[in-house]
Amino acid sequence: MREERSNVHLRPRFRDEFTISPDELLLKFKNAIHQDSFQLKGTVIGSHVVLDVPASENHFWSPQLNISIEKGVDSPTILRGLFGPKPHIWTFFMFIHFAVAIAFIGFGIMAYVKMNLGKSFEIPLAVCAFMPVIWLVLYLIGQLGRRRGRCQMILLNNFMNDVIDGVEG
C-alpha cells in the first residue's frame with residue numbers, strides 16, 4: 001500500500017495506510033526506539049515520532065524524519081512522513097529566501113520610482129536582476145545538502161521500514 005517516494009522535492013513526503021490501530025503502531029515505534037540495539041536518536045510525543053541520526057554522526061546537513069500517525073477514515077491508521085533538514089536549518093533557509101524576496105521587491109520598486117523620476121535606475125535594476133541568481137544558488141546549496149545527507153536519510157528510512165515490516169509481517 002506504500003506510495004513511491006519522490007526524489008524531486010527538497011523535503012520528500014510519503015503516506016502509508018495500515019490495518020492496525022494508531023496506538024499499536026505508536027507502541028511498535030516506542031518499543032523499537034527503546035531497544036538496546038537502537039542506533040538512532042528518536043522521540044515519540046503524542047502521535048508524532050521524530051527520528052534523528054546519532055549525535056556522533058550529526059552534521060549541518062543531517063536529515064530528520066518526522067512521522068505522524070493518525071486515525072484514518074477508510075483504514076484504521078494513516079502514517080504520514082516527512083524527510084527534511086532539522087527545523088532550525090529549514091527556518092534559516094526560509095529566512096534567507098524571505099530576505100531575498102523582500103530585496104527583490106524593494107529594489108524593483110526603487111528602480112521603478114527612479115525611472116519615473118527620470119533618475120539613474122541601473123543599479124537597483126541590476127540588483128533586482130541578480131536576485132534570481134541568489135535563489136538558484138540557494139536551491140543548489142539545498143540540493144547539495146540533501147545529497148550530503150542521503151546516506152543518513154536511507155538509514156532513517158530503513159529503520160522506519162523495519163518497524164513497519166514488523167507490523168505488516
Cα centroid of the stretch 75-115 to Cα centroid of the stretch 116-169, whole Å: 10
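So what's the back-of-envelope 222 nm ellipticity for the chain, counting only DSSP H runs of four-plus at -39500 (n - 2.57) apiece and dividing by all residues, rounded to 500? Present the calculation step by step, with values, prior to reporting the outcome.
Working: 4 runs with 88 residues, N = 169.
Rounded to the nearest 500, it is -18000 deg cm²/dmol.
Considering Cα pairs under 8 angstrom that are at least six residues apart, work out the relative contact order of the chain and quote it in whole percent.
Details: 215 pairs, mean separation 38.8, N = 169.
After rounding, I find 23 percent.
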Simple SL model, points at 7 angstrom along Cα→Cβ for residue 130 and residue 24; separation in nm is 6.1
Going by average Cβ neighbours within 10 Å, how do the peptides 91-99, 157-165, 21-29 rank, with the highest at the top? 21-29, 157-165, 91-99
What FRET efficiency comes out for the pair residue 41/residue 88, r = Cβ-Cβ distance, R0 = 22 Å, nearest 0.05? 0.90
Report which label in (1) 1.11; (2) 1.42; (3) 1.06 holds the value of Cα Rg over 2.2 N^0.38 Å derived from the coordinates of this structure. (2)
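No lab work stands behind these numbers, since they all come straight from the coordinates. As the structure is a prediction and not an experimental result, all values here were calculated from the model. With ideal geometry, Cβ positions are generated from the backbone for all residues, glycine too; neighbour counts draw on all protein chains shown.
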